[in-house]
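In what follows, a structure is listed as structure tokens, so that the remarks can point back to it.
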Amino acid sequence: MEREGDWRRRMNDVAAVAPSSPVETYSAGCRTFIEASQRLDFLEDIAEDLQNGRLGVPQDALEKHGVTRADLREGRFSEAVGALVDQQVSLVRPGLAASHGLVDLVEPQCQPLMRALVTLQQVRLRAVESTSAELLRKSPATPVTAAFRVLAREYRSARRQRGGPPSSSSTTGER
């Protein structure tokens, strides 16, 4: 799926949020988050990756659904391709759901950041799901409004934790 060095770099980035739990538990949670995020990246970037001669979706998944690289490269969306995308999404979703457990494994001041990281991945996943057939032609549009809401909510949470007043300019209505 991913080279060991890539995984270690990503884990170091996620680990920078100061775990307050046993290293093994936190590392396992990070690994789950990173693997789910990588699968999501493969789906989001499938059109671009195919143009560059790469494909992140495993060959055995293609074979299981009767889909070829040529089908994907040529943008032939079919029921089988839809089933392949759905199957890959079904592998991402539980990993991201489990990754919410990372929030409880980091220091309180890092929880808003960790919650934002995981929730933003879920926002991206919804964008992939809503553009399933288009994935073979282009990456899904970034859901800017939803991402902004997540970031604004977590910014307010971080401000409250530090004892600062919540932002008065919030218009998202989410808590």
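Suppose the filter is at pLDDT 90 or above, of a type in the set (Lys, Arg) and under 30 Å from Gly75 (Cα atoms); does Arg115 pass it?
no
When you go through (1) touching a Lys or Arg at 6+ places or on another chain (Cβ under 9 Å); (2) modelled with pLDDT under 95 one by one for Arg54, which number turns out not to apply?
For Arg54, the exception is condition (1).
Could you please find all residues in the stretch 1-29 being modelled with pLDDT under 90, in a helix (DSSP H, G or I) and surrounded by 18 or more Cβ atoms within 10 Å (Cβ to Cβ)?
The initial filter retains those residues of the stretch 1-29 that are modelled with pLDDT under 90, namely 1-27.
Narrowing the set further to residues that are in a helix (DSSP H, G or I) leaves 4-15, 23-27.
Scanning the stretch 1-29 gives Arg10, Val14, Tyr26.
Filter the stretch 143-162 for residues that are part of a loop (DSSP other than H, G, I, E, B) and surrounded by 13 or more Cβ atoms within 10 Å (Cβ to Cβ) and give the result. Spell out how you get there, then give the answer.
Keep residues of the stretch 143-162 that are part of a loop (DSSP other than H, G, I, E, B), which gives 143, 162.
If the condition is that a residue be part of a loop (DSSP other than H, G, I, E, B) and surrounded by 13 or more Cβ atoms within 10 Å (Cβ to Cβ), then Pro143 is the only one that fits.
Could you tell me whether the stretch 122-142 includes any residue that is farther than 30 Å from Leu55 by Cβ and touching a residue at least 40 places away in the same chain (Cβ under 8 Å)?
There is no residue in the stretch 122-142 that is farther than 30 Å from Leu55 by Cβ and touching a residue at least 40 places away in the same chain (Cβ under 8 Å).
The values are calculated or read from the model by the stated rules, or taken from the named source; none is laboratory data. The structure presented is a predicted model; accordingly, all values stated were derived computationally and were not measured. Using ideal geometry, Cβ is built from the backbone for each residue, glycine included, and neighbour counts are taken over all protein chains shown.
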